[in-house]
1. Could you tell me what percent of the DSSP beta bridges with both partners in the stretch 153-262 are antiparallel, to the nearest 5?
2. Just the ratio, please: alpha-carbon radius of gyration of the stretch 343-446 over 2.2 N^0.38 Å, N its number of residues.
3. Give the share of C-alpha pairs in each 10 angstrom bin for the stretch 148-257, from 0 to the last occupied bin, in whole percents, shortest bins first.
4. Between T244 and D5, what is the spin-label point distance in nm, taking each point 7 Å from the Cα along the Cα→C-beta axis?
5. Output the pairs from K124/K307; K79/K386; K307/K353 with a Cα-Cα distance over 29 Å in this structure; if there are none, say none.
6. Figure the gain on full extension for E164 and N104 (residue separation times 0.36 nm, minus the Cα-Cα span) and round it to one decimal in nm.
7. Determine the sum of side-chain charges near H246: Lys and Arg each +1, Asp and Glu each -1, restricted to other residues whose C-beta is under 14 angstrom from that of H246.
8. Three principal axis extents, largest first, for the C-alpha atoms of the chain, in Å?
Amino acid sequence: MPHYDLLIIGAGSGNSIIDERHNNWNIAIIEPGDFGGTCLNRGCVPSKMFIHTADRAYMAQQNTPFGIQTNFVSADWRKIRDRVFDRIDPITESGLNYRTSLTNVTVYRERARFIDKQTIQAGKETITADQIVVAAGARPSIPDISGIAEVPYLTSDEIMRIEELPSHLVIIGGGFIAVEMAHIFSAFGSEVTVIHRRDRLLREMDLDISEQMTDIYANRLNLLLETEVSQVTHNNEFELTLSTGHSIACDQLLVATGRIPNTDLLDVSAGFINTSTSGHIETDAYLRTSTEGVWAIGDITNPIQLKHLANADARVVGHNLCNPENLLSIDRSLSPSAVFGYPPIASVGLTEKQAQDQGVSYLVATRPFSDTAYGWAMEDQKSFIKLLVDPTTRLLLGAHLIGPQAPTLIQQLIQGMSLGQNVDEMARSQLYIHPALPEVVEQVLLEFAIS
């Protein structure tokens, strides 16, 4: 029975735990899929490469206000796709090759499951380890729709590698995956229909942001809200029966209704590892599970499934494995996020509803991008920034942006929040370049100025 100093289940962010501190450790990695995990192979990295291309295609259709005429002619889907994966696939392969080349690392290409405390079954091998890091991620959640199991639907795992651009793509869901994929395929010329059972897209975002994005998409593509799919069939094309009594046909169907942690596939209960009602592994502040010597990081433990949070988990656990007498805790008090639809969205901290639900006192200010000179240059009438501030401490409680460069513009606000700066210091202690777009940040901060 092989025994290791450290066993890592999952080669996404879990793979980044290993560094020079572990040169003398005997290590095993179990990864049946692609090295690099979801983000590199079928998530944030390829999708953003597609989105950058989609932005260019979409903007070619939006130039009339500037006095120029440009046309979008067509998209060579295979060329677009291959540009992305011809770059990513060699990285995936080199990651695997590098790990297998190390004399102190053994890579198992089998599925893992717990059979006891600190005991794993990987294929025909039973493996034990002094320390185990569970970093096995999450997978698409498939809704209970009649006929869904019998049809060749796609998820975010497959949609970016399809052979042909869909003529009509139907997306079930209204979260960030649905929003981003709708932008990609509609920009490339597909007819896109989004079916969402709720009353607006991106319901977890601040209400004003969510409503604005819903309005934008309602004017751009087919958006069916407060609608559910009751049945799906497939015979050369998909036929969807809707809760409204109508039906809709399409040549590709994308199911984007959330993601669930892979704890059930690992049978973590056999390892006496506690999970939450959502199925995520429960950990303490140091990312230790209920079983001594077992840690958990990333999407399998954090419902906020973001790569930068998983990387932060990996850094904490990497330290804690080597420094048991000086443990670091994870700090998720500020967990920024972005949605790369069009326009993009960025958010950090409390939404207005969360502040209200928690009884938190706040001041609120909103500023449109069009109030800045650069906003005039962009002919922008839809983008804005919204801030929530504590009226006593004048610390920023939340920041929510929708508009071009939003994921970049929010970074200075995240930094200010991390450093404990109040809104007056953020607004006045630095010079803002004129007429650059960050002036919208300056202007909304000055909305809170004390007269």
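Derivation of every value follows stated rules applied to the coordinates shown; laboratory data play no part. This is a predicted model, so every value here is computed, not measured. Because the Cβ atoms are built from the backbone with ideal geometry, glycine has one as well, and the counts that use them run over all protein chains shown.
1. Values: 9 of 22 bridges.
Counting DSSP beta bridges with both partners in the stretch 153-262, the antiparallel share is about 40 percent.
2. Details: Rg = 13.1 Å, N = 104, 2.2 N^0.38 = 12.8 Å.
Here the Cα radius of gyration is 1.02 times the empirical estimate.
3. 15, 50, 31, 4, 0
4. Once both label points are built, they end up 6.1 nm from each other.
5. Details: K124/K307 32 Å; K79/K386 39 Å; K307/K353 26 Å.
Those over the limit are K124/K307; K79/K386.
6. Numbers: separation 60, 0.36 × 60 = 21.60 nm, distance 4.33 nm.
Extra length available between E164 and N104 comes to 17.3 nm.
7. Values: positive: none; negative: E226, E228, E239.
Computed value for this residue: -3.
8. 71, 63, 40
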